[in-house]
1. Can you report the number of residues in region A:51-75 which are part of a strand (DSSP E or B) and crowded, with 23+ Cβ neighbours inside 10 Å?
2. Would you tally the residues in region B:96-127 being in contact (Cβ under 8 Å) with a residue 40 or more places away in the chain, more than 15 Å from residue B:74 (Cβ to Cβ) and not in a loop (DSSP other than H, G, I, E, B)?
3. Please go through (1) out of contact with any helix residue (DSSP H, G or I) (no Cβ under 9 Å at 6 or more places or on another chain); (2) within 15 Å of residue B:32 (Cα to Cα) for residue B:97 and return the number of the only condition it doesn't satisfy.
4. Mind listing whichever residues of region B:24-38 are under 14 Å from residue B:100 (Cα atoms) and in contact with a strand residue (DSSP E or B) (Cβ under 9 Å, 6 or more places away or on another chain)?
5. Of all residues in region B:14-30 being at the interface with chain A (Cβ under 7 Å from one of its Cβ atoms) and in contact (Cβ under 8 Å) with a residue 40 or more places away in the chain, which is surrounded by the most Cβ atoms within 10 Å (Cβ to Cβ)?
6. Check off (1) more than 10 Å from chain A (Cβ to nearest Cβ); (2) modelled with pLDDT of 95 or more for residue B:124 and give me the number that stays unchecked.
7. Would you check which residues across region A:128-182 are more than 29 Å from residue A:69 (Cα to Cα), more than 10 Å from chain B (Cβ to nearest Cβ), modelled with pLDDT of 95 or more and not in a helix (DSSP H, G or I) and list them?
8. Those residues that are closer than 24 Å to residue A:79 by Cα and at the interface with chain B (Cβ under 7 Å from one of its Cβ atoms), I need them from region A:3-13; list them, please.
């Protein structure tokens, strides 16, 4: 699968089969995060692998958007320590992980909005750390993966030429003809 | 190239050949950004394609980390409008772009730390927008790509089991043997 194909087919998955994600697939996912770029290569991330069902259930109660956490066989929490740009660095590592998971047929869905103090306590995280996300991983339950078409703004509405306000692409025309010139 | 292979081989590139990035490759890069996930699928991003050398030079003066911007044939500025999580959403889109660029042999390097007001004025961006990064893209100059080995923390130092402080992997042992159990 090419990278663009992986990006194109990926969907947020919130319902998982019960079977576990094999260790070698988990390792590939964690490698993808480990190899991500970060500001000044500080790599200020810590990854916590959570498989214990009772911990996943406890965690799911500490966010408004995480009921599907209880359906996942596995989740990875990403916390940042002494990071200058915690959101950016975490997001790049997590995006890497999500793409490599998908390449292996494993779905995921970023969960944010944590009751931070309680979630950090549950995960034994230092007080000065920042919990950015908990990402459940698992095999999409039958039927989940063939989800509806991705809903996205077309390129001509969001790509500008040299400065904001001048569209780079013409509307229609295969939605990809550069406007004027090469 | 598999996604993990792309992630593994990618390097930050700061010196570029003069030749342009073809339109179809640029389009694949922008597609990768467009298809990225965002909080509640709000897609609050605007991408500005910059090729004009004088504009790249002007921009390079508005950050302390961007002298290589003048060596790039092309850059994409990413600005966020009314985003609830601008850094996270931008970083996920940019990471997608950087990976697909690399898949096509095109290198890049995230530039942040902008003199935001001046850079936004130069790019015609609305006052309430947030300029997250300008990312130069181009073919790595001969010799640049075969860079030194990636320097990263080993997995056993950054992956924890169930809670922070219990290593998931043993040190050594192929750096990938899970500690105790499956």
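1. At the first step, the residues of region A:51-75 found to be part of a strand (DSSP E or B) are A:63, A:74-75.
Next, only the ones that are crowded, with 23+ Cβ neighbours inside 10 Å stay: A:75.
Count: 1.
2. Of the residues in that region, 8 qualify.
3. The failed condition is (1).
4. In the first step, residues of region B:24-38 are kept if they are under 14 Å from residue B:100 (Cα atoms); the result is B:24-36.
Matches in region B:24-38: B:25, B:26, B:27, B:29, B:30, B:33, B:34, B:36.
5. Initially, region B:14-30 is screened for residues at the interface with chain A (Cβ under 7 Å from one of its Cβ atoms), giving B:23, B:27-28, B:30.
Restricting the remaining residues to those that are in contact (Cβ under 8 Å) with a residue 40 or more places away in the chain gives B:28, B:30.
On the way: B:28: 20, B:30: 22.
That would be B:30.
6. Condition not satisfied by residue B:124: (1).
7. A:167
8. A:12 - this is the single residue of region A:3-13 that is closer than 24 Å to residue A:79 by Cα and at the interface with chain B (Cβ under 7 Å from one of its Cβ atoms).
The values are calculated or read from the model by the stated rules, or taken from the named source; none is laboratory data. The structure displayed is predicted, hence computed values, not measured ones. Neighbour counts run over all protein chains shown; Cβ positions are idealised from the backbone, glycine included.
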